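Read through the structure below, which is laid out as structure tokens, and then see the notes.
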Amino acid sequence: MKLSDLLVYNEIWIQCHDNPDPDTIGSGFALYLYYKAMNHNVRLFYSGKNMITKTNLLIMKDMLNIPLEYISPEKARVTETEGLLLTVDCQYGAGNVTKIGAKHVATIDHHPMESGIGENLRICPELGSCATLVWKMLCEEKFPVSENKAMGTALYYGLYTDTNQFSELFGSEDLDMRDALVIDHKIMQKLRKTNLSLRELEVAGIAMKNYFYNAQHRYAIIKTLPCDSNVLGLIADFLMQVGEVDLCVVYNEVDDGYKLSVRSCTREVNSNELAAYLTRDIGTGGGHYEKAGGFISKRLFYSRYRKMDTEEYFKICLSEYCESFELIDDQTYEFPEGKDIKKYIHIDRPTIVVRPESFLDIGSKVTLRWGKYITDLEIVHDEYWALERGGYIQRFPRNVFNSFFEPTDEEFPDKYSDVPGLPTVRSWNDGRVYSIAGYAVVCRDKGPLKARGMKLTRNVKLFPEWGDGRYIPGYTGDYLMMSEKDKTIFIEPGNFFETNYVPDEE
Ligand SMILES: [Mn+2]
């Protein structure tokens, strides 16, 4: 569905979810401005038991001149629109939005599919905020978003709050929007300082007294009373300062599901991966190495786990996760021998390699993006990045580069990987975005690359000698490899292995 598809309705009512947050308000407001600009009759409203009282929402509404109306549930029951009802950041018929009578219904949302009601649905659970989806749809219509600062600020604030101040941000389109929006910095400054209310301070205090702790795996779980999702992040950040806690999940219940913040300060767990694990098949999750977040849909949770208590679920999942990996340290690992281990030769294909210090300052921080692969890095001396065809980036020092690769002056291959385009790097210093294409070189294998390999029958985490302390995950079906040349241990994803290696028949 496109925004212009809805122009057939002259009357458009945009409904935010009950207990609205900045994401639903910001998304609704941007849609309001769009349909207003198209000269339609538009109305922006929310319902539910509670009227908004939080300072940040009142500031947002006042300073950005958002014409957000409130309709009480009593009134909602007897209200019906002749035109279209468009629900944003929520789905018609779901538990978090008061039902309003409507002949035609459309939905724009980033939560997992709930009711599926309505002719017009656009649901993208992979996005960090509904604002991102609205921005994307406005761009599809070539609407000049950057000419409207109020709209830009509203969308920006929606993403900011839905991703815990960007710390749990995970989508590459979310980053696209953050980089592209033109915002009012004064208003954003004010909003940043009104994140919490006194009530939420209390909620945080109560929550911290009631933690669950697992000493074997050093994780903590906290369930909070209803509160803004940024309180979750705050408590989770606080927990990371506790000596005995290496991992934590802080969550609460919202109308239609559970919001969670995940943190890790141990090298053995990547929060981003853990968040995805905790929400797999029942929601969405992701983020960064140390901080991540997610959402679990109540409907999906209960259809899968029946009446299981959520805290019980997190306990089981966390322990299961901690026990499901074998840790492999490159420097001490004895590569197994035996019939399951076979010799292979890498099929020589061009590899794109870049030396980041050739265009970035050593010590500076950057965000590297390639399709879904997003990571924050610090630029270090004598490091090389190879763009692996599996769609991720391998980093290694100069000596490894020199022993495995030979630079060529070949042109970039037309089709390099399934991931479209080449990576970009965004500098934290000045926000500049560099395309790697201008600085990368096409390399070939230096001599035939021979390796022993073993198909993994369990999940592993490999800590490479040359890494920065972070692990490379290997899953059942992937291959654990050791190069013949220098005994380096590495992992090749299963599907990638099959197309890039042949048995060594000598
Ligand atoms: Mn949202």
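For this structure, a couple of remarks:
- Sparse-neighbourhood loop sites, trypsin sites (Lys or Arg not before Pro) in the range 297-400 - DSSP loop, at most 12 other Cβ within 10 angstrom: ARG306, LYS307, LYS339
- Cβ-based net charge around ARG43, under 9 Å, with every Lys or Arg adding one and every Asp or Glu removing one: -2
- Coil-residue GluC sites (Glu not before Pro) of the range 327-391, DSSP, other Cβ within 10 Å capped at 14: GLU334, GLU337
- Orientation-averaged projection of the range 198-323 equals 7.1 nm² [convex hull of Cα atoms, one quarter of hull surface area].
- For the range 279-315 versus the range 104-179, the spacing of their alpha-carbon centroids is 22 Å.
- Cα gyration tensor, the range 280-428 - rounded (a/c under 1.5), prolate or oblate: prolate
- Shape call, the range 329-503: gyration tensor on alpha carbons, a/c limit 1.5: prolate
- The trypsin sites (Lys or Arg not before Pro) found in the range 1-71 that occupy coil by DSSP, while having at most 11 further C-beta atoms within 10 Å, are LYS2, LYS49.
- Segment GLU312-PHE212, length gained on full extension (0.36 nm per residue, minus Cα span): 34.9 nm
- FRET efficiency for the LYS2 to LYS49 pair, using the beta carbon distance and R₀ = 35 Å, is estimated at 0.55.
- Total lysine pairs under 17 Å (Cα atoms) in the range 3-192, excluding pairs fewer than 8 apart on one chain: 12
- Principal axis analysis of the Cα atoms in the range 421-494 yields extents of 44, 30, 24 Å, listed in decreasing size.
- Partner lysines for LYS307 [C-alpha distance under 22 Å; skip if fewer than 8 residues away on the same chain]: LYS223, LYS259, LYS298, LYS315
- Pairwise inverse Cα distances across the chain, averaged and inverted, put the Kirkwood hydrodynamic radius at 24.9 Å.
- Separation of the TYR70 and GLU406 label points, Cα + 7 Å toward Cβ, nm: 7.4 nm
- Across the range 134-143, coupling constants 3J(HN,Hα) worked out from phi with the 6.51/-1.76/1.60 Karplus curve, θ = phi - 60°, read 4, 4, 4, 5, 5, 5, 4, 8, 6, 6 Hz, and Gly and Pro carry x.
- In nm, spacing of pseudo-spin labels at GLU484 and CYS139 (7 Å Cα→C-beta vector): 4.7 nm
- Stokes-Einstein, applied to the Kirkwood radius of the range 77-219 over Cα pairs at a viscosity of 0.890 mPa s and 25 °C, places its translational diffusion at 139 µm² s⁻¹.
- Förster-model FRET efficiency, 30 Å R0, TYR305 and TYR475, C-beta, rounded to 0.05: 0.85
- Assigned charges on the beta-carbon of Lys, Arg, Asp, Glu; the range 1-122 dipole about Cα centre (debye): 140 debye
- Radius 14 Å from Cβ of THR107, net charge of other residues (Lys, Arg +1; Asp, Glu -1): -3
- Between ALA437 and ARG398, the contour length at 0.36 nm per residue exceeds the Cα-Cα span by 12.0 nm.
- Calculated mean residue ellipticity at 222 nm for the chain: -8000 deg cm²/dmol, from DSSP H runs with n ≥ 4 weighted as -39500 (n - 2.57), summed, divided by the residue count and rounded to 500.
Quick note: the coordinates plus some simple rules give every number you see, no bench work behind them. Quantities reported herein were computed from a predicted structural model and do not represent experimental measurements. So basically every Cβ, Gly included, is an ideal-geometry build from the backbone, and we count neighbours across all protein chains shown.
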